[in-house]
Amino acid sequence: APVPWRPAPRGSKPCSPPDCNGVGVCNHDTGICQCTAGWAGDGCAQAQKRPCQHRPHTHEDPLALLVHNLGDDGEDRNWTV
């Protein structure tokens, strides 16, 4: 008989605050909020200023690659000014 589908189990550790200030996602395995780009700290409560995202890599070469805050995996590089 086929095995019925069930969602993967998740941990039971709560985050504080539970909604990660509306800008993050609670990892219930660790009890730590995973913050979106521009937010950090306990419960994603600290806003992080970011460098300009649309400036040339160097002033000498305006056609160089643009600088941005996301890595190849789409996660925040955790830059600060």
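The values are calculated or read from the model by the stated rules, or taken from the named source; none is laboratory data. Please read all numbers here as calculations on a predicted model, not as lab measurements. When the accessible area is computed, the model is the full protein with side chains, heavy atoms only, and any ligands, DNA or RNA have been set aside. Shrake-Rupley method; radii C 1.70, N 1.55, O 1.52, S 1.80 Å.
Summary of values
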{"quantity": "Conditions (1) small (Gly, Ala, Ser); (2) part of a loop (DSSP other than H, G, I, E, B); (3) open to solvent by less than 70 Å² (accessible area, probe 1.4 Å); number of the one not met by Gly43", "calculated": "(2)"}
{"quantity": "Candidate set: segment 1-41, residues that are modelled with pLDDT under 90 and of a type in the set (D, E, K, R); chosen: the one farthest from the chain's Cα centre (by Cα)", "calculated": "Arg6"}
{"quantity": "Test for Val81: is it aliphatic (A, V, I, L, M) and modelled with pLDDT of 85 or more", "calculated": "no"}
{"quantity": "Output for segment 1-30, where each listed residue is outside any strand (DSSP E or B), among the small types (Gly, Ala, Ser), open to solvent by less than 100 Å² (accessible area, probe 1.4 Å) and within 26 Å of Gln46 (Cα to Cα)", "calculated": "Gly11, Ser16, Gly22"}
